[in-house]
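Please read the structure below before turning to the comments.
The values are calculated or read from the model by the stated rules, or taken from the named source; none is laboratory data. Given the structure is predicted, the values throughout are model-derived calculations rather than measurements. Don't worry about glycine lacking a Cβ; one is built from the backbone with ideal geometry, like all the others, and counts go over all protein chains shown. Side chains are part of the model used for accessible areas, which takes the heavy atoms of the whole protein and leaves out ligands, DNA and RNA. Shrake-Rupley method; radii C 1.70, N 1.55, O 1.52, S 1.80 Å.
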Amino acid sequence: AQKVTQAQTEISVVEKEDVTLDCVYETRDTTYYLFWYKQPPSGELVFLIRRNSFDEQNEISGRYSWNFQKSTSSFNFTITASQVVDSAVYFCALIGAGGSYIPTFGRGTSLIVHP
Amino acid sequence: KAGVTQTPRYLIKTRGQQVTLSCSPISGHRSVSWYQQTPGQGLQFLFEYFSETQRNKGNFPGRFSGRQFSNSRSEMNVSTLELGDSALYLCASSLDVSPYEQYFGPGTRLTVT
């Protein structure tokens, strides 16, 4: 069975602070895919990144960066110099390639950035 | 390029009724997936369609069904509605089947009374 744990239910920061959202996953598949999505108050999930299990290189996109560590089964997301527009719920998701390809989402982390 | 559209955006139904939700994917996308989002259960995968065929199905009762048309538009149907079916139903499209990245619509907020 697959599982994605986002232990942080809610994080509150002040603008310009750096913040890291944790994601820990469980899967028996050797090939799998990890995703991050952002859900702003409007409700529409926005795709942020996809990584496969064979690519452990960290990635940076502007103020966003992702740290993938297979040794700890984690795929953490850092926002540098947070802005009010970053306020949203962030979801980590896992798709295992061992058979069903059914996505499993974490419960999400609500990020509130205060001005 | 237009995004994923879902209709209706809001819906109120009574227990026992049935409902049909519609989703139009991004032009060129051939895969459509449906999700249910509730405060209690979070985001849960319902099913995925590609080329009019159901490719994957989540752990939901048979009251939940879907279909995809030749133009990739999709509908999902819930029969014999229960109070617990109240949720935000999200549709997502992608170029190809899972595990491609998905692009979500704004959702249909279903309230069952």
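Some values worked out for this structure:
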quantity: Within segment A:1-13, considering residues that are in contact with a Lys or Arg (Cβ under 9 Å, 6 or more places away or on another chain) and in a strand (DSSP E or B), the one most open to solvent (accessible area, probe 1.4 Å); calculated: A:Thr5
quantity: So B:Pro8, is it open to solvent by 50 Å² or more (accessible area, probe 1.4 Å) and within 21 Å of B:Leu88 (Cβ to Cβ); calculated: no
quantity: Candidate set: segment A:52-81, residues that are outside any strand (DSSP E or B) and open to solvent by less than 50 Å² (accessible area, probe 1.4 Å); chosen: the one farthest from A:Gly98 (Cα to Cα); calculated: A:Ala81
quantity: Near pairs, Cβ below 6 angstrom, 6+ apart or cross-chain, from segment A:28-48 (among the acidic types (Asp, Glu)) to any residue that is surrounded by fewer than 21 Cβ atoms within 10 Å (Cβ to Cβ); calculated: A:Asp29/A:Ala97; A:Asp29/A:Gly98; A:Glu44/B:Pro106
quantity: Residue selected from segment B:63-87 under the condition closer than 14 Å to B:Phe45 by Cα and open to solvent by 20 Å² or more (accessible area, probe 1.4 Å), by the criterion nearest to the other protein chains (Cβ to nearest Cβ); calculated: B:Gly66
quantity: 1 or more residues of a type in the set (S, T, N, Q): qualifying strands (runs of 3 or more DSSP E) within chain B; calculated: B:5-7, B:19-24, B:31-38, B:42-50, B:53-57, B:64-68, B:74-78, B:87-94, B:108-112
quantity: Some residue of segment B:8-17 being small (Gly, Ala, Ser) and modelled with pLDDT under 95; calculated: no
quantity: Given (1) within 14 Å of chain B (Cβ to nearest Cβ); (2) in a loop (DSSP other than H, G, I, E, B), number of the condition A:Lys16 does not satisfy; calculated: (1)
quantity: Filter result for the condition that a residue is open to solvent by less than 50 Å² (accessible area, probe 1.4 Å) and touching an Asp or Glu at 6+ places or on another chain (Cβ under 9 Å), over B:Pro106, B:Pro99; calculated: B:Pro106
